[in-house]
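Asker: For reference, the structure I am asking about is given below.
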Amino acid sequence: MTETDLCRDEREEMVEFQIRARGVRDQRVLAAMRKIPRHLFVPKGFERAAYEDRPLPIGEGQTISQPYIVAVMTEQLELKPQDRVLEIGTGSGYQAALLVELAGTVISVERLRDLADRAQQNLARAGVTGVRVVVGDGTQGYSPEAPYNAIIVTAASPDIPGPLIEQLAEGGRLIAPVGPRDCQDLIKLVKREGRVEKIPLGGVCFVPLIGQFGWRGEGYP
Ligand code: SAH
């Protein structure tokens, strides 16, 4: 048995009781979450906790999100196999691994080089290929590969960074936590005929998005 095969039962229970039971029904999302070995994306010693109903520390003061929140955000992106996806906040690489399972191209931008390196190691260990990790300020998006059919921001900012809205394709979906420092509203933005519609999806608590179009520094704002 490879380390990727471990924790199948824990993963199955996570999907059944934390995710499906709370209303996430997209079969492709559920299948991806059954498949991706979340325990390979958490620090050593946290492997079992990887399947608990909560976020976990991943170093540098950052966290891997609660599985249910990851599922909701992924479902709301409405990914199709050919989609180009931009993630801001690679963190552990877990969300990126799910995205590449569901879409064609995934670019993930991480501000902290150490985390970006570790995410790449995690993805390799999990046998996930096709995620391009870029070190930089994701509040500026990543214009060389724009436009994107879907953009997911996994850190919170006072407003949705303008460059991300610009880099969203026609018909594109963007999901981001928006609001004050501690807890925020999860916002889904859809671009149609050049106009944007915003749909609130509920309350969440994310680590800060730090950069030119987010919070300004470690000490905020
Ligand atoms: N999606 C991740 C969790 C992200 S935690 C996962 O699946 O594990 C939020 C991440 O956003 C942190 O790693 C943090 O360093 C990063 N971050 C914060 N500001 C950023 C910015 N401006 N650009 C890119 N990444 C940023």
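Asker: By how many degrees, between 0 and 90 and to the nearest 10, does the Cα long axis of helix 67-76 differ from the longest principal axis of the chain?
Answerer: Roughly 50 degrees, rounded to the nearest 10.
Asker: Sticking with this one: What is the set of long-range amide H partners of LEU209 at a cut-off below 5 Å, with H atoms built 1.01 Å from backbone N?
Answerer: For LEU209, whose amide H was placed from the backbone, the distant partners under 5 Å are ALA156, SER157, TRP215.
Asker: Under unit Cβ charges (Lys, Arg +1; Asp, Glu -1), what dipole magnitude, rounded to 20 debye, does region 1-84 have relative to its Cα centre?
Answerer: Using Cβ point charges on Lys, Arg, Asp and Glu, region 1-84 gives about 200 debye.
Asker: Could you please state, rounded to a whole Å, how far the C-alpha centre of region 153-172 is from the C-alpha centre of region 17-64?
Answerer: Measuring centre to centre over Cα atoms gives 24 Å.
Asker: To make sure I understand, if each residue's beta carbon is the centre and we count other beta carbons within 10 Å, what order do PHE206, PHE41, PHE46 fall in, fewest to most?
Answerer: Result, fewest neighbours first: PHE46, PHE206, PHE41.
Asker: Compute and list, largest first, the equivalent-ellipsoid semi-axes of the chain from the alpha carbon gyration tensor, each √(5λ) rounded to a whole angstrom.
Answerer: Over the Cα atoms of the chain, the semi-axes work out to 25, 19, 17 Å.
Asker: Which residues' amide hydrogens lie under 5 Å from the amide hydrogen of VAL133, considering only partners 5 or more residues apart or on another chain, with H built in the peptide plane?
Answerer: Under 5 Å from the amide H of VAL133: SER108.
Asker: Which of LEU56, LEU102, LEU189 moves the most in a Gaussian network model of the chain with Cα springs under 10 Å?
Answerer: Looking only at LEU56, LEU102, LEU189, the biggest GNM fluctuation is shown by LEU56.
Asker: Also, quick follow-up: Going by a ≥ b ≥ c, the root eigenvalues of the Cα gyration tensor, does region 65-109 fall in the rounded group (a/c under 1.5), the prolate group (a/b larger than b/c) or the oblate group?
Answerer: Oblate shape, in that a/c is at least 1.5 and b/c is the bigger or equal ratio.
Asker: Enumerate the calculated ³J(HN,Hα) couplings along region 171-186 in order (Karplus 6.51 cos²θ - 1.76 cosθ + 1.60, θ = phi - 60°), each rounded to whole Hz, writing x wherever the residue is Gly or Pro.
Answerer: Residue by residue, region 171-186 yields x, x, 10, 10, 10, 8, x, 10, x, x, 3, 7, 9, 9, 9, 7 Hz.
Asker: Please identify which residues in region 73-100 have an amide N closer than 20 Å to a label point set 7 Å out from the Cα of ALA49, following the Cα→Cβ vector.
Answerer: Of the residues in region 73-100, 91-95 have backbone N under 20 Å from the label point off ALA49.
Asker: Further, regarding this structure: At 222 nm, what value in deg cm²/dmol follows for the chain if DSSP H runs of at least 4 each add -39500 (n - 2.57) and the sum is divided by all its residues, to the nearest 500?
Answerer: -6500 deg cm²/dmol
Asker: Non-local amide H neighbours of ILE58 (under 5 Å, H modeled in plane, Pro and chain starts lacking H): which ones?
Answerer: Result for ILE58 returns THR63, ILE64.
Asker: Restricting attention to the chain, give the cysteines that have no other cysteine Cβ less than 4.7 angstrom from their Cβ.
Answerer: CYS7
Asker: Once the piece of chain linking ARG192 and GLU170 is laid out straight, how much longer is it, given 0.36 nm per residue of separation minus the C-alpha distance between them?
Answerer: 7.3 nm
Asker: So, R0 is 25 Å and r is the distance between the beta-carbons of ASP182 and ARG113; what FRET efficiency does that work out to, to 0.05?
Answerer: Calculated value: 0.40.
Asker: Can you tell me the FRET efficiency between GLU145 and ALA21 if r is taken as the Cβ-Cβ distance and R0 is 45 Å, rounded to the nearest 0.05?
Answerer: The calculated FRET efficiency here is 0.80.
Asker: ³J(HN,Hα) across region 3-8 via Karplus (A = 6.51, B = -1.76, C = 1.60, θ = phi - 60°), whole Hz, x for Gly/Pro?
Answerer: Once θ is set to phi - 60°, the couplings for region 3-8 become 5, 5, 7, 5, 6, 4 Hz.
Asker: So, one more: Could you give the size of the charge dipole of the chain about its Cα centre, using +1 on the Cβ of each K and R and -1 on the Cβ of each D and E, expressed in debye and rounded to the nearest 20?
Answerer: Taking the Cα centre of the chain as origin, the dipole is about 220 debye.
Where a number appears in this text, it was derived from the coordinates with a stated rule and is not lab data. Values in this document were obtained by computation on a predicted structure and should not be read as measured data. Using ideal geometry, Cβ is built from the backbone for each residue, glycine included, and neighbour counts are taken over all protein chains shown.
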